[in-house]
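Beneath this line is the structure, given in C-alpha cells, with notes to follow.
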Amino acid sequence: MDTTAPSTISDQTILTGETSGTVTVLDGGTLVLDGGHDGTVILEAGAALFVRGSLHGPLDVGSLSTATISGDVVGKVDIRIAGTLVVEAEGRLAGPVSNYGSFTNRGLRTGPVDNRQPDDQEGSSELEPVHPGVYNYTLPPRD
C-alpha cells in the first residue's frame, strides 16, 4: 500500500514502506528513505537526505545540502552550487545528472553527467544505460 509522504520535513524523518509525493526537506531537516519512495525530493540549503531504500523520481540537491545514496536512485538529479551528492560503495544511481556542486561516486552510476564531471573513486563503476532516455533509466537487479 502506497502512502503519501509529508510535503515538508524540518526535523529528522524516517520513511519506511512505500511512499509517494513531492517532499521538500527544509534547513536543518534530515530525510531517511528506508523504504521505496516514488516522487520528487527537494533538498533546501542545510538539508540532508539518506537513501537506504529506493527513490524513483527527480532529486534536487540544493546549495549547502547533502544527499548520500547507499540504496537506489532512479531519476534526474540536479546538484546546485555547493550541493553534495555521494554514492556509497553499495549505492546505485541511474539517470542524468546536472552537477554544479560536488558528486562523489564510490558505487555504480549510469547516465550522462553535465557540467562538472563526478569524482569516480576506486572500486566505482559506470554502466551504459540499459534503456537510455530522460525518464526510462533502469538498474540491473541486485544480486
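No value in this document is a laboratory result; all are computed from the given coordinates. Bear in mind that the values here come from a model prediction, so they are computed numbers and not experimental data. Using ideal geometry, Cβ is built from the backbone for each residue, glycine included, and neighbour counts are taken over all protein chains shown.
Computed values, structure above
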quantity: Any hit, region 30-42, residues being touching a Leu at 6+ places or on another chain (Cβ under 9 Å), of a type in the set (Asp, Glu), touching a residue at least 12 places away in the same chain (Cβ under 8 Å) and assigned to a strand (DSSP E or B); calculated: yes
quantity: Test set (1) under 16 Å from the mean Cα position of the chain (by Cα); (2) at positive phi; (3) among the small types (Gly, Ala, Ser) - residue 28 fails condition number; calculated: (1)
quantity: Which numbered condition residue 27 fails, given (1) over 17 Å from residue 8 (Cα atoms); (2) in a loop (DSSP other than H, G, I, E, B); calculated: (1)
quantity: Within region 43-53, considering residues that are in a strand (DSSP E or B) and more than 9 Å from the chain's Cα centre (by Cα), the one surrounded by the fewest Cβ atoms within 10 Å (Cβ to Cβ); calculated: 48
quantity: Subset tally (residues that are of a type outside the set (A, V, I, L, M) and surrounded by 17 or more Cβ atoms within 10 Å (Cβ to Cβ)) for region 11-29; calculated: 3
quantity: Pairs where the first residue, in region 113-127, is at negative phi and polar (S, T, N, Q) and the second is in a strand (DSSP E or B) and surrounded by 13 or more Cβ atoms within 10 Å (Cβ to Cβ), C-beta under 7 Å, 6+ apart; calculated: 121/104; 121/105; 124/105; 125/108
quantity: Tally of residues being in contact with a Pro (Cβ under 8 Å, 6 or more places away or on another chain) and more than 19 Å from residue 137 (Cβ to Cβ) across region 57-110; calculated: 1
quantity: Yes/no for residue 65 being in contact (Cβ under 8 Å) with a residue 40 or more places away in the chain and touching a strand residue (DSSP E or B) at 6+ places or on another chain (Cβ under 7 Å); calculated: yes
quantity: Residue match in region 3-17 (condition: within 13 Å of the chain's Cα centre (by Cα) and either under 20 Å from residue 79 (Cα atoms) or in a strand (DSSP E or B) (or both)); calculated: no
quantity: Residues that are crowded, with 19+ Cβ neighbours inside 10 Å and closer than 15 Å to residue 105 by Cβ, drawn from region 67-82; calculated: 67, 69, 71, 72, 73, 77, 79
